[in-house]
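Notes follow once the structure below has been shown.
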């Protein structure tokens with residue numbers, strides 16, 4: 001069986017030392033081949049982006065330095081998970097027998113429509129890194145906010161918060177059974193998604209997100225949390241695509257609601 005391949009795509013204008021270092025360590029940890037792509041040699045930005053996307057077709061991971069100029073396109077169109085690595089990368093403690101665990105968790109955004117592949121990816125990464133997992137669900141319903149403390153609003157707020165907590169527990173249950181050694185913490189908060197994830201990622205080893213479902217048209221109106229975080233990479237950010245053929249277009253790939261449009 002051929003070894004998996006990790007591709008690191010370099011753009012000369014973007015500092016790439018941290019991305020190369022991260023990719024080398026990851027290839028060693030996964031026992032994968034490491035391939036370095038220099039799409040900038042194609043001369044045009046769109047050609048360079050197309051070359052990166054093509055390089056992702058047979059890769060296990062596509063690693064890029066962040067924020068890459070074409071990160072939006074890579075997030076939406078790559079065939080494999082995309083890892084955006086910040087220029088300043090804190091040292092990572094390698095797990096060894098008898099050594100205490102690195103306290104920084106793997107953080108995963110677990111929304112109601114998050115694909116199972118995203119949750120599974122996060123659990124695998126936490127297990128292999130001997131890290132804890134922080135599963136985050138944010139919700140925001142302006143019509144039941146607590147700006148005015150009224151009895152009916154408090155009751156509706158409590159109901160919505162409780163339902164989100166129960167849904168998240170069910171979403172994670174099968175993976176808890178599959179990975180009993182992974183310590184899991186759940187966080188459900190009524191706050192904008194991108195802001196809270198950016199704050200948590202400052203103290204995370206890895207942030208795992210699903211590919212946005214809203215399409216180019218809605219992304220143009222309001223960037224998804226995944227796009228927002230890929231642009232400002234507080235820690236290594238992984239964008240996991242849904243299963244099946246890559247689909248990128250103006251329209252959402254599933255029905256979206258108001259919650260999808262809130263950052």
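The table below lists the values:
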{"item": "Residue 21-residue 160 FRET efficiency (beta carbon distance; Förster radius 51 Å; 0.05 resolution)", "result": "0.75"}
{"item": "Neighbour-count ranking [beta-carbon atoms within 10 angstrom, fewest first] of 205, 25", "result": "25, 205"}
{"item": "FRET E, pair residue 33, residue 117, Förster distance 25 Å, beta-carbon r, rounded to 0.05", "result": "0.65"}
{"item": "Relative contact order of segment 1-89, defined on C-alpha pairs under 8 angstrom at six or more residues apart (%)", "result": "37 percent"}
{"item": "Net lengthening on full extension, residue 79/residue 47 (0.36 nm per residue, minus Cα-Cα)", "result": "9.9 nm"}
{"item": "Förster radius 25 Å - calculated FRET efficiency between residue 186 and residue 3, Cβ distance, rounded to 0.05", "result": "0.10"}
{"item": "Listed peptides 57-69, 185-197, 163-175, 4-16 by packing density, highest first (mean Cβ within 10 Å)", "result": "57-69, 4-16, 185-197, 163-175"}
{"item": "Evaluated at q = 0.10, 0.16, 0.20 Å⁻¹: base-10 log I(q)/I(0), Debye formula over Cα of segment 1-89", "result": "-0.21, -0.54, -0.86"}
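Coordinate-derived values only; no laboratory data. Predicted model, so just to flag it, every value in this text is computed and none were measured. Positions of Cβ are generated from backbone atoms using ideal geometry, with glycine treated the same way; all protein chains shown enter the neighbour counts.
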